[in-house]
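Engineer: After the structure tokens below, expect a handful of questions from me.
The values are calculated or read from the model by the stated rules, or taken from the named source; none is laboratory data. In this text the structure is predicted, and so the values were computed from the model without any measurement. A quick note on method: Cβ atoms are made from the backbone with ideal geometry, for glycine too, and the neighbour counts reach across all protein chains shown. Surface areas here come from the heavy atoms of the whole protein model, side chains and all, with no ligands, DNA or RNA. Shrake-Rupley method; radii C 1.70, N 1.55, O 1.52, S 1.80 Å.
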Amino acid sequence: MNEQKLPHGARILVVRLSAIGDVLHSTAVVHNLKRLVPDCHVTWLVSPPASILLENNPDIDCLLVWDRRTFDKAAQHLDLRTVRQTLKEAAALLHQYEFDIALDIQGLFFSGILTRMSRAPRRIGIHERHEGNFLFMTEMAPDIPERHKIRRYMTALAPLGIGPEDFEPGLVLKLPDAYEGFAEKFFADKAVTLHDPQRPLLLVNTRTTWPDKNWPPEFFGRALANLPENIQIVFTGAPSDQVYIERAQQEMEGRASLSIAGQTSLLELAAIFRESDLLLTGDTGPLYIAEAIGLPTLSLWGPTHSGIYGPLTKGHHFILSPNKCTACCKTKCRHRTNACMNAIKPGTVTKALLGLLYH
């Protein structure tokens, strides 16, 4: 750690509103800050639904929840009156507090406005692909060649004397005590057993928020169909994922499985993750919930890359698309083929699952 550039008891605002994976990535920044400078006071400005993942975080002294979804919808429809009103609400929330330093880990023009509203005399931004954020900052963190998002987020601490050599990987998600035993109760009438070495529990998340990050549901089914019957397969997801889960199940040729899509909240899902053996997923929020909670994962990568977004801690395994067109980081395939995800073969995934479940 370099010479500390923080006043005693510094009041620090972190601006990272969304999304689930990015918010959990940012917990690594706050955890390292608190680990190295325990007397600082950290306030975090966040938006639902990701906010629920921070409510019990021991590194956060004050959590400010502002729902950006109203702003986003108004901006999309050019409803300037609502845009102004929601920004006024954000300003009123921030102005209840005084900050010495604000860290904008979102790196957007929009998050820059919110950071400026904090009235912190020092406002530190990070180098991302988005333009205009620097207009609201008093200083910018150093740019680095490292691609991984967490390490890039960590540069926000460099002006405070915390360098890359101080970084310890790991995400933070602490469940309230009320979730102790939730998984056992949830599965009590579903013929699913926990912590049985003879019947490992494989969770499967079939969908992501980006269309081109989705592996075809039929491929999921083919990959799972050849797993031994003693492996318990449970599909997770949102209510809207059920139709894709059913497609996967149709390809499983009668092989037993269970869907709990839409039956849990994020924290309840995290409680189930904590008692499971492995998660199969794409690059999406549940992958990072699993990392934070300590569940090993096998994740599938096409338009994004594990070297940019993937877990940095042990116990996580990646299948990268063999297609030459990968890591474009586009939400929709420019070729309209999703060739990168389609290039991952079900047999490759089956082999990897067997190796992890019977290692």
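Engineer: Could you figure out which of (1) outside any strand (DSSP E or B); (2) open to solvent by less than 70 Å² (accessible area, probe 1.4 Å) isn't true of R123?
Structural biologist: (1)
Engineer: Filter the range 71-111 down to the residues that are open to solvent by 40 Å² or more (accessible area, probe 1.4 Å) and in contact with a His (Cβ under 6 Å, 6 or more places away or on another chain) and list them by number.
Structural biologist: The answer is L108, and nothing else.
Engineer: Any residue in the range 332-347 that's over 13 Å from N214 (Cβ atoms): show its pairings with residues that are of a type in the set (A, V, I, L, M) and surrounded by 15 or more Cβ atoms within 10 Å (Cβ to Cβ) at Cβ separation under 9 Å, as long as the two are six or more apart or on different chains.
Structural biologist: Filtered contacts from the range 332-347: K345/A223; P346/A223; P346/L224; P346/A225; G347/A223.
Engineer: Could you list, in sequence order, all residues of the range 334-359 that are open to solvent by 40 Å² or more (accessible area, probe 1.4 Å), outside any helix (DSSP H, G or I) and not aromatic (F, W, Y)?
Structural biologist: Matches in the range 334-359: R334, H335, R336, T337, K345, H359.
Engineer: Could I ask something else about it? Give me the pairs, please: first residue somewhere in the range 84-109 and within 20 Å of R122 (Cβ to Cβ), second residue anywhere and among the acidic types (D, E) and surrounded by 15 or more Cβ atoms within 10 Å (Cβ to Cβ), beta-carbon distance under 7 Å, and either six or more positions apart or on two chains.
Structural biologist: Note: pairs meeting the criteria are G107/E128.
Engineer: Here's another thing I want to ask about it. Give me the pairs, please: first residue somewhere in the range 153-177 and free of Cβ contacts under 8 Å to residues at least 40 places away in the same chain, second residue anywhere and assigned to a loop (DSSP other than H, G, I, E, B) and crowded, with 19+ Cβ neighbours inside 10 Å, beta-carbon distance under 8 Å, and either six or more positions apart or on two chains.
Structural biologist: Cβ pairs passing all conditions: T155/I126; T155/A141; A158/A141.
Engineer: Can I ask one more? From the list D212, D241, which one is at pLDDT 95 or above and acidic (D, E)?
Structural biologist: D241
Engineer: Within the range 215-228, take every residue that is part of a loop (DSSP other than H, G, I, E, B) and modelled with pLDDT of 95 or more and give me the one that is nearest to T281 (Cα to Cα).
Structural biologist: Filtering the range 215-228 for residues part of a loop (DSSP other than H, G, I, E, B) gives 215-216, 226-228.
With modelled with pLDDT of 95 or more added as a condition, the list becomes 215-216, 227-228.
On the way: W215: 9, P216: 12, L227: 16, P228: 19 Å.
Among residues in the range 215-228 that are part of a loop (DSSP other than H, G, I, E, B) and modelled with pLDDT of 95 or more, the one nearest to T281 (Cα to Cα) is W215.
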